[in-house]
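Encoded as structure tokens, the structure appears first; notes follow it.
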């Protein structure tokens with residue numbers, strides 16, 4: 001099913017706050033007990049990153065393939081190692097899902113994920129991500 005996907009991420013890291021948001025068209029499919037969202041992001045230079053978010057009851061996986069590629073798994077109580085391949089090299093991070101909820105309002109589904117990303121021995125980056133999916137009318 002073709003859908004509108006709205007992504008909003010509130011990030012707090014090292015005392016600084018950042019807001020990242022985008023709305024784009026994508027595709028929603030159901031596979032077994034999971035929902036799969038697929039969409040493409042186009043960078044300023046025209047480079048395309050293919051994104052796939054797979055959501056099940058107990059975990060979320062976010063796979064990005066492009067100039068910067070990554071695979072991140074969010075799961076309650078389990079700290080997963082994630083690799084981010086960038087033009088400058090590979091960056092290793094750990095991700096820990098702290099809270100997750102899902103809301104449905106008619107044809108609209110809203111996921112909220114609060115997670116920490118750990119890079120090195122310092123304090124983690126605190127993320128509050130909201131993903132809103134609604135059919136294209």
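The values are calculated or read from the model by the stated rules, or taken from the named source; none is laboratory data. All of these numbers come straight from a predicted model, not from anything done at the bench. Don't worry about glycine lacking a Cβ; one is built from the backbone with ideal geometry, like all the others, and counts go over all protein chains shown.
Descriptive notes on the structure:
- Residue 30 being surrounded by fewer than 16 Cβ atoms within 10 Å (Cβ to Cβ) and part of a strand (DSSP E or B): yes
- Condition check for residue 109: more than 15 Å from residue 6 (Cα to Cα), surrounded by 15 or more Cβ atoms within 10 Å (Cβ to Cβ), modelled with pLDDT of 95 or more and touching a strand residue (DSSP E or B) at 6+ places or on another chain (Cβ under 9 Å): no
- Strands (runs of 3 or more DSSP E) (entirely within region 39-137) containing at least 2 residues that are closer than 23 Å to residue 18 by Cα and over 14 Å from the mean Cα position of the chain (by Cα): 79-86, 89-105
- Among the residues of region 68-90, just one is out of contact with any strand residue (DSSP E or B) (no Cβ under 9 Å at 6 or more places or on another chain) and at positive phi, namely 89.
- Filter result for residue 56 (over 18 Å from residue 8 (Cβ atoms) and surrounded by 16 or more Cβ atoms within 10 Å (Cβ to Cβ)): no
- So residue 17, is it touching a strand residue (DSSP E or B) at 6+ places or on another chain (Cβ under 8 Å), surrounded by fewer than 10 Cβ atoms within 10 Å (Cβ to Cβ) and in a strand (DSSP E or B): yes
- Against the numbered list (1) loosely packed, with under 12 Cβ neighbours inside 10 Å; (2) in contact with a strand residue (DSSP E or B) (Cβ under 6 Å, 6 or more places away or on another chain); (3) in contact (Cβ under 8 Å) with a residue 40 or more places away in the chain, residue 42 comes up short only at (3).
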